[in-house]
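Trainee: One structure is given below, represented as structure tokens, and several questions about it will come after.
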């Protein structure tokens with residue numbers, strides 16, 4: 001029986017993780033949950049899974065949760081970044097699923113890594129912002145880091161049993177999102193509602209917009225760089241609209257291995273939870289005879305420039321990836337709030353990146369300062 005802590009239990013990855021855990025009660029038990037402000041869903045999760053500790057993002061949510069629960073049945077409740085981080089490192093946990101969206105997941109994920117637990121990593125921002133630092137902590141504390149993003153899980157599965165020097169390149173696949181084939185002119189009037197209508201995947205709002213801009217794939221390129229230790233010129237991206245092939249590994253002898261499945265996040269989540277075993281059943285199997293044609297094309301980085309910004313940030317290194325991430329988070333939020341248009345998202349990111357004086361990313365204080373600075377600069381640009 002594996003004991004599980006889920007960081008971000010009310011988000012898309014968190015809900016899917018709990019769905020798997022509920023279906024395999026002989027394999028898993030939940031001992032810790034953390035969430036933002038969705039107290040109604042969190043209370044339902046507490047009722048169903050009986051965690052020992054729960055942590056929420058702020059003090060108001062803490063009091064709301066306490067007042068809504070009977071004192072005799074309530075778990076220990078914590079709040080704030082310290083409360084979430086202490087839950088991430090709570091004794092007794094076997095696996096921590098890091099599913100908090102955005103930079104908010106960085107410190108709790110580092111806390112889980114430093115506790116030496118197995119970490120199922122869905123929070124890509126940990127490696128985007130602090131990849132070298134996080135991997136140093138992984139080595140120091142003997143942590144096992146398992147990828148939960150579908151693309152990185154696919155690569156991880158395809159590389160099992162092979163040495164890194166036998167890999168020619170890895171290819172991350174992207175659906176292209178809801179705006180595949182659109183021009184910049186057509187995207188000028190794109191609404192948040194249209195950008196959120198992903199054709200294949202059911203995801204949270206922020207990640208859905210990142211998919212539409214291709215920033216999500218850019219962040220995944222940076223994550224793959226740190227996870228698999230391959231040089232940047234060995235990490236490629238292809239648009240694959242059907243979302244059946246989740247990524248590809250090309251080997252030095254010219255052969256390729258790909259991982260295929262339904263576009264269902266329960267697959268990679270279950271693999272991380274049960275690794276090295278597989279659970280049965282998790283997803284609907286592919287009906288091979290009814291599969292549409294599997295097609296591929298190069299990404300249009302002229303129209304969707306966020307992907308090229310991510311490659312540039314990784315090439316420059318230091319604190320620039322943290323700045324890329326922070327300015328993107330601010331710009332996406334402004335778009336979802338109707339403050340800016342879709343094409344303003346990459347424009348704001350580019351301006352902030354150009355203004356940044358890169359520092360070494362070997363200290364968490366410098367990384368967090370770069371994150372704070374980028375958000376401040378993005379806000380200034382929004383006010384112009």
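The values are calculated or read from the model by the stated rules, or taken from the named source; none is laboratory data. Owing to the predicted nature of the structure, the values given are computational and were not obtained by experimental measurement. As a convention, Cβ positions derive from the backbone with ideal geometry for all residues, glycine included, and neighbour counts pool all protein chains shown.
Trainee: Where in the range 59-122 are there strands (runs of 3 or more DSSP E), lying wholly inside it, with at least 2 residues that are within 11 Å of residue 32 (Cβ to Cβ)? Step through it out loud before you land on a result.
Mentor: Numbers: elements: 76-79, 95-98, 118-121.
Filter on the range 59-122 gives 76-79, 95-98.
Trainee: Here's a follow-up. So which residues in the range 180-208 are at pLDDT 95 or above and under 16 Å from residue 242 (Cα atoms)?
Mentor: None - no residue of the range 180-208 is at pLDDT 95 or above and under 16 Å from residue 242 (Cα atoms), so the list stays empty.
Trainee: Scanning the range 247-267 for residues that are in contact (Cβ under 8 Å) with a residue 60 or more places away in the chain and touching a helix residue (DSSP H, G or I) at 6+ places or on another chain (Cβ under 6 Å), which turns out farthest from residue 153 (Cα to Cα)?
Mentor: Checked the range 247-267; the qualifying residue farthest from residue 153 (Cα to Cα) is 252.
Trainee: Are any residues in the range 136-169 crowded, with 18+ Cβ neighbours inside 10 Å and more than 25 Å from residue 17 (Cβ to Cβ), and if so, which ones?
Mentor: 167
Trainee: Going through the range 79-106 one residue at a time, which ones are under 19 Å from residue 13 (Cα atoms), in contact (Cβ under 8 Å) with a residue 40 or more places away in the chain and more than 13 Å from the chain's Cα centre (by Cα)?
Mentor: Result: 84, 87, 88, 93, 94, 95, 96.
Trainee: Can you pull out every residue in the range 338-371 that is under 23 Å from residue 110 (Cβ atoms) and in a loop (DSSP other than H, G, I, E, B)?
Mentor: The first filter runs over the range 338-371 and keeps only residues under 23 Å from residue 110 (Cβ atoms), leaving 356, 358-371.
Selection gives 356, 358, 359, 360, 361, 362, 363.
Trainee: Using the structure shown, decide if residue 32 is touching a strand residue (DSSP E or B) at 6+ places or on another chain (Cβ under 8 Å), assigned to a helix (DSSP H, G or I), surrounded by 21 or more Cβ atoms within 10 Å (Cβ to Cβ) and at pLDDT 95 or above.
Mentor: Numbers: touching a strand residue (DSSP E or B) at 6+ places or on another chain (Cβ under 8 Å): yes; assigned to a helix (DSSP H, G or I): no; surrounded by 21 or more Cβ atoms within 10 Å (Cβ to Cβ): yes; at pLDDT 95 or above: yes.
So residue 32 does not fit the description; no.
Trainee: List the number of the failed condition for residue 197; all other conditions in (1) assigned to a helix (DSSP H, G or I); (2) surrounded by fewer than 16 Cβ atoms within 10 Å (Cβ to Cβ) hold.
Mentor: So the condition that residue 197 fails would be (1).
Trainee: On to the next question. Here's a check for you: in the range 345-360, which residue that is farther than 17 Å from residue 308 by Cβ and in contact (Cβ under 8 Å) with a residue 12 or more places away in the chain is surrounded by the fewest Cβ atoms within 10 Å (Cβ to Cβ)? Spell out the reasoning first.
Mentor: Of the residues in the range 345-360, the ones farther than 17 Å from residue 308 by Cβ are 355, 357-360.
Within this subset, residues satisfying the condition of being in contact (Cβ under 8 Å) with a residue 12 or more places away in the chain are 355, 358-360.
On the way: 355: 14, 358: 15, 359: 17, 360: 11.
Only one residue tops the list, namely 360.
Trainee: Somewhere in the range 209-223, is a residue touching a residue at least 40 places away in the same chain (Cβ under 8 Å), closer than 23 Å to residue 286 by Cα and part of a loop (DSSP other than H, G, I, E, B)?
Mentor: Within the range 209-223 (the criterion being touching a residue at least 40 places away in the same chain (Cβ under 8 Å), closer than 23 Å to residue 286 by Cα and part of a loop (DSSP other than H, G, I, E, B)), the answer is no, since none of the residues qualifies.
Trainee: Now for a separate question. Within the range 149-158, identify whether any single residue is closer than 18 Å to residue 113 by Cα and not in a strand (DSSP E or B), and answer yes or no.
Mentor: Going through the range 149-158, the residues closer than 18 Å to residue 113 by Cα turn out to be 149.
After this cut, where a residue has to be not in a strand (DSSP E or B) as well, the list is 149.
Yes, the range 149-158 contains a residue that is closer than 18 Å to residue 113 by Cα and not in a strand (DSSP E or B).
Trainee: Scanning for something buried (at least 16 other Cβ atoms within 10 Å of the Cβ), free of Cβ contacts under 8 Å to residues at least 40 places away in the same chain, touching a helix residue (DSSP H, G or I) at 6+ places or on another chain (Cβ under 8 Å) and within 25 Å of residue 14 (Cα to Cα), does the range 268-278 turn up at least one residue? Working first, answer last.
Mentor: Taking the range 268-278 as the starting set, the residues that turn out to be buried (at least 16 other Cβ atoms within 10 Å of the Cβ) are 268-275.
Subset that is free of Cβ contacts under 8 Å to residues at least 40 places away in the same chain: none.
So far as the range 268-278 goes, no, none of its residues is buried (at least 16 other Cβ atoms within 10 Å of the Cβ), free of Cβ contacts under 8 Å to residues at least 40 places away in the same chain, touching a helix residue (DSSP H, G or I) at 6+ places or on another chain (Cβ under 8 Å) and within 25 Å of residue 14 (Cα to Cα).
Trainee: Another one. Is the range 372-383 home to any residue that is farther than 26 Å from residue 132 by Cα and part of a loop (DSSP other than H, G, I, E, B)? First the steps, then the outcome.
Mentor: Keep residues of the range 372-383 that are farther than 26 Å from residue 132 by Cα, which gives 379-383.
So of that shortlist, the ones also part of a loop (DSSP other than H, G, I, E, B) come out as 383.
Scanning the range 372-383, I find at least one residue that is farther than 26 Å from residue 132 by Cα and part of a loop (DSSP other than H, G, I, E, B), so the answer is yes.
Trainee: Among the residues of the range 279-313, write down those that are in contact with a helix residue (DSSP H, G or I) (Cβ under 7 Å, 6 or more places away or on another chain) and either more than 23 Å from residue 183 (Cβ to Cβ) or outside any loop (DSSP other than H, G, I, E, B) (or both). First the steps, then the outcome.
Mentor: Just the residues of the range 279-313 that are in contact with a helix residue (DSSP H, G or I) (Cβ under 7 Å, 6 or more places away or on another chain), to begin with: 279, 282-283, 299, 301, 303-307, 309-311, 313.
Result: 279, 282, 283, 306, 307, 309, 310, 311, 313.
Trainee: Related question: Condition test on residue 12, is it in contact (Cβ under 8 Å) with a residue 40 or more places away in the chain and more than 21 Å from residue 86 (Cα to Cα)?
Mentor: Working: in contact (Cβ under 8 Å) with a residue 40 or more places away in the chain: yes; more than 21 Å from residue 86 (Cα to Cα): yes.
Here the answer is yes, as residue 12 does meet what is asked.
Trainee: May I pose another question? Does the range 4-29 hold any residues that are part of a strand (DSSP E or B) and closer than 20 Å to residue 79 by Cα, and which are they?
Mentor: Taking the range 4-29 as the starting set, the residues that turn out to be part of a strand (DSSP E or B) are 4-7, 28-29.
4, 5, 6, 7 - these are the residues of the range 4-29 that are part of a strand (DSSP E or B) and closer than 20 Å to residue 79 by Cα.
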